[in-house]
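The block underneath contains the structure these notes are about, expressed in structure tokens.
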Amino acid sequence: MQRKRTFNTLFMLSSLDGKISTGSNDNRDFDKDLPKIKRLEEGLKQYYELEQKTDLHSLNTGKVMAKIGMNIKKNNISKIPASFIIIDNKPHLTINGINNLLKKCQKVYIVTTNKKHPAFQLKEKNLKIILYGKKIDFIALFSKLKIEFGIKNITVQSGGTLNSILIRKGLIDEISIVIAPTLIGGKDTPTIFDGSSLKLDKDLKYIKTLELKKCEKLKNSYLHLTYKVNN
């Protein structure tokens, strides 16, 4: 039976204890902090090399884009072959941020519930805005991206909260995780899979089992694990 939505792979860099950041505030970030740590920096490039081989459509959030400095006005931005799908309600992206993304990517899809999102001020050919009401319907979104825009595969690189929404809705088909040989800790530090804690017996349906597809030992004690998600 033909799939009615995109095939979605969650691709993340994680510590052994599941953390995807070095701390609980926006000043802490893997890309900024891990290169400063001896014995982590040496193997980190392997993650970025694998990232270059992911799908040509990547889903992320405006919050992450703002955190990595996308809103800072930039010159001489190199074009990449990928397109970005950005979930951004608040919004976190500014006009500068959107323009930077438009210069960087083949296409930019802004998915939002915010009718006043700054993206509406722009009329660029490679900008698509997908507007929802009070809440984004992710099941409908991934169907729309495939049927209307012809997107077959998406690499998801969002934060723990959005990851939990997509996983619990059965919208993540594969998980590709690079494990950095480190323990970070901190109960408020973001993990691969955050969201609300399960409390009742009926909530157990949200627990996803995985099938290991590949376990690759990388250099400098890094691991690359690939799992199929049993939805």
The range 5-97: trypsin sites (Lys or Arg not before Pro) in DSSP loop, at most 14 other beta carbons within 10 Å: Lys38, Arg39, Lys53, Lys73, Lys74, Lys79
Trypsin sites (Lys or Arg not before Pro) lying in DSSP loop within the range 147-231, provided at most 10 other Cβ fall within 10 Å: Lys187, Lys199
For the range 68-169, the percent of all C-alpha pairs falling in each 10 Å bin, from 0 up to the bin holding the max distance, is 13, 47, 34, 5, 0
Over 29 Å between alpha carbons, listed pairs Lys103/Lys169; Lys135/Lys213; Lys134/Lys214; Lys104/Lys146: Lys103/Lys169; Lys135/Lys213; Lys134/Lys214
Please compute the volume of the convex hull spanned by the alpha-carbon atoms of the chain and report it per residue in Å³. 145 Å³
With a cut-off of 8 Å between alpha carbons and a minimum separation of six or more residues, what is the relative contact order of the chain in percent? 30 percent
Formal net charge of residues neighbouring Glu42 (Cβ-Cβ distance under 14 Å; K, R +1; D, E -1): +3
Helix-derived mean residue ellipticity, 222 nm - over the chain, DSSP H n ≥ 4, -39500 (n - 2.57), to 500: -6000 deg cm²/dmol
Here are some pairs, Lys90/Lys128; Lys53/Lys128; Lys74/Lys217; which of them have Cα atoms lying more than 26 Å apart in this structure? Lys74/Lys217
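Every number here is computed from the coordinates shown, using simple stated rules; none is lab data. From a predicted model like this one, the values you see are computed outputs, not experimental measurements. For neighbour counting, all protein chains shown are included, and Cβ atoms are generated from backbone atoms with ideal geometry for every residue, glycine included.
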